[in-house]
Amino acid sequence: MSKVVAVVGATGAVGREMLRTLEARKFPVKRLIALASARTAGTTLPFAGGTVTVEELKPTSFAGVDIALFSAGASVAREYGPIAASAGAIVIDNSSAWRMDADVPLVVPEVNMGAAARRPKGIIANPNCSTIQMVVALKPLHDAARLKHIIVSTYQATSGKGHAAVEELHAQTRAMLEGRPHDAKVFPGAIAFNVLCDWKAGANDYSEEEWKMVNETRKIMGDESIGVSPTTVRVPVVNGHSESVHAVFHRAMTAKEAKDLLRHAEGVVLVEDPYAPGKHPQPLQASGTDPVYVGRVRDDLAVPGAIDLWIVSDNLRKGAALNAVQIAERL
């Protein structure tokens with residue numbers, strides 16, 4: 001059955017990716033409503049072989065809307081999410097606004113789609129991009145041996161901070177190569193040829209991004225006992241997040257068993273090549289594709305029964321737009 005779909009924040013990086021994803025997956029769109037701020041209202045965006053004109057987001061924007069995909073930031077989601085839901089739309093929000101609300105399911109379709117059936121507020125939350133790719137890879141292993149402790153270090157692309165961040169990476173790179181001073185406006189320092197922790201501070205000397213991985217993983221997996229030890233950093237990559245994961249289970253897991261489980265796991269592409277330089281999942285290759293790529297699956301050398309993995313995915317697609325559209329497809 002075709003749906004009236006609204007995309008809130010349609011002119012942003014994720015909003016544009018949502019339009020491309022809806023079109024590429026042939027989602028049954030009866031009518032597409034592109035919504036954004038007054039500043040970009042009136043512009044046109046490509047969709048389904050034609051164009052759609054961006055409308056200004058207003059409280060009256062959701063009349064007759066079946067599904068509202070939000071990617072406009074937490075403040076907009078908090079204000080307009082309930083308005084859209086009260087108008088009868090199912091809201092799928094990509095921001096952090098609703099993720100930890102007990103009455104809002106936090107959903108990754110390959111992991112816990114059943115949670116979306118209970119949505120008292122009419123809102124479903126999309127998890128953080130770094131959390132999504134990790135839980136897609138770890139869910140089949142969790143089902144087999146139950147996760148006890150995850151140590152994860154992320155290497156996150158600049159596109160996760162928005163289009164302006166990508167432009168700043170390009171500008172800083174050119175300036176440094178030409179020996180000119182570089183400006184840092186979007187980032188707290190140089191991102192070109194550098195690594196930054198650029199998220200807001202959270203509790204106990206962890207960043208907000210690190211706390212998201214802790215709390216969201218537990219909620220999605222439905223297990224508050226899972227230990228998560230995260231370190232998140234931004235790297236001078238345009239698109240595609242990478243993660244190094246050390247996983248400990250309640251019963252011993254082997255790399256062979258993990259590979260057997262991952263080989264046919266939904267949403268996962270397992271890279272089984274033995275170690276060799278360059279023979280591993282890479283963000284440059286993952287960019288523009290849908291899967292979560294898992295490689296370098298190996299038995300940990302120091303902790304018997306633990307395994308180590310390397311996980312890569314396109315943060316704008318599976319980490320945001322694709323996950324939201326997949327939720328909409330399965331409702």
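The values are calculated or read from the model by the stated rules, or taken from the named source; none is laboratory data. The model shown is predicted, which means the values in this text are computed figures rather than measured ones. Positions of Cβ are generated from backbone atoms using ideal geometry, with glycine treated the same way; all protein chains shown enter the neighbour counts. Note: accessible area is taken over every heavy atom of the protein model, side chains too, but ligands, DNA and RNA are not part of it. Shrake-Rupley method; radii C 1.70, N 1.55, O 1.52, S 1.80 Å.
Laid out as a table, the results:
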| item | result |
| --- | --- |
| Hits in segment 195-216 (condition: exposed (fewer than 15 other Cβ atoms within 10 Å of the Cβ) and either more than 21 Å from the chain's Cα centre (by Cα) or among the aliphatic types (A, V, I, L, M) (or both)) | Val195, Ala201, Ala203, Asn204, Asp205 |
| Within segment 226-274, considering residues that are surrounded by fewer than 14 Cβ atoms within 10 Å (Cβ to Cβ) and in contact with a Lys or Arg (Cβ under 7 Å, 6 or more places away or on another chain), the one farthest from Ala144 (Cα to Cα) | Asp273 |
| Subset of segment 185-204 that is small (Gly, Ala, Ser) and assigned to a loop (DSSP other than H, G, I, E, B) - its residue that is nearest to Val238 (Cα to Cα) | Ala192 |
| Looking only at segment 86-97, and only at residues there that are touching a residue at least 60 places away in the same chain (Cβ under 8 Å) and buried (at least 22 other Cβ atoms within 10 Å of the Cβ), the one that is nearest to Glu208 (Cα to Cα) | Asn94 |
| Condition broken by His182, with the remaining ones in (1) of a type outside the set (A, V, I, L, M); (2) under 18 Å from His241 (Cα atoms); (3) modelled with pLDDT under 95 satisfied | (2) |
| Pair list, Cβ < 7 Å and 6+ apart or interchain, from segment 232-248 residues that are within 12 Å of Asn194 (Cβ to Cβ) to residues that are part of a strand (DSSP E or B) | Val233/Thr154; Val233/Tyr155; Val233/Gln156; Val233/Leu196; Arg234/Gln156; Arg234/Leu196; Val235/Tyr155; Val235/Gln156 |
| Residues being within 17 Å of Thr217 (Cβ to Cβ) and surrounded by fewer than 15 Cβ atoms within 10 Å (Cβ to Cβ) - total across segment 101-114 | 2 |
| Some residue of segment 219-236 being under 23 Å from Leu106 (Cβ atoms), in a loop (DSSP other than H, G, I, E, B), among the aliphatic types (A, V, I, L, M) and touching a strand residue (DSSP E or B) at 6+ places or on another chain (Cβ under 8 Å) | yes |
| Any hit, segment 166-178, residues being in contact with a strand residue (DSSP E or B) (Cβ under 9 Å, 6 or more places away or on another chain) and either of a type in the set (D, E, K, R) or farther than 30 Å from Arg251 by Cβ (or both) | no |
| Residue list for segment 116-142, filter: assigned to a helix (DSSP H, G or I), touching a residue at least 40 places away in the same chain (Cβ under 8 Å) and over 15 Å from Val294 (Cβ atoms) | Ala116, Cys129, Thr131 |
| The lone exception for Ala165 - which of (1) open to solvent by less than 10 Å² (accessible area, probe 1.4 Å); (2) of a type in the set (Gly, Ala, Ser); (3) closer than 19 Å to Ala74 by Cα; (4) over 20 Å from the mean Cα position of the chain (by Cα) it fails | (4) |
| Matching residues in segment 168-209 - criterion: being of a type in the set (S, T, N, Q) and in contact (Cβ under 8 Å) with a residue 40 or more places away in the chain | Thr173, Asn194 |
| Sole residue being under 26 Å from Arg99 (Cα atoms), polar (S, T, N, Q) and open to solvent by 10 Å² or more (accessible area, probe 1.4 Å), chosen from Ser313, Ser287 | Ser287 |
| Residues of segment 286-328 classified as outside any strand (DSSP E or B) and under 17 Å from the mean Cα position of the chain (by Cα), total | 21 |
| Residue within segment 243-257 that is in a helix (DSSP H, G or I) and touching a strand residue (DSSP E or B) at 6+ places or on another chain (Cβ under 7 Å) present | yes |
| Strands (runs of 3 or more DSSP E) enclosed by segment 1-85 - at least 3 residues per element that are open to solvent by less than 50 Å² (accessible area, probe 1.4 Å) | 3-8, 29-36, 67-70 |
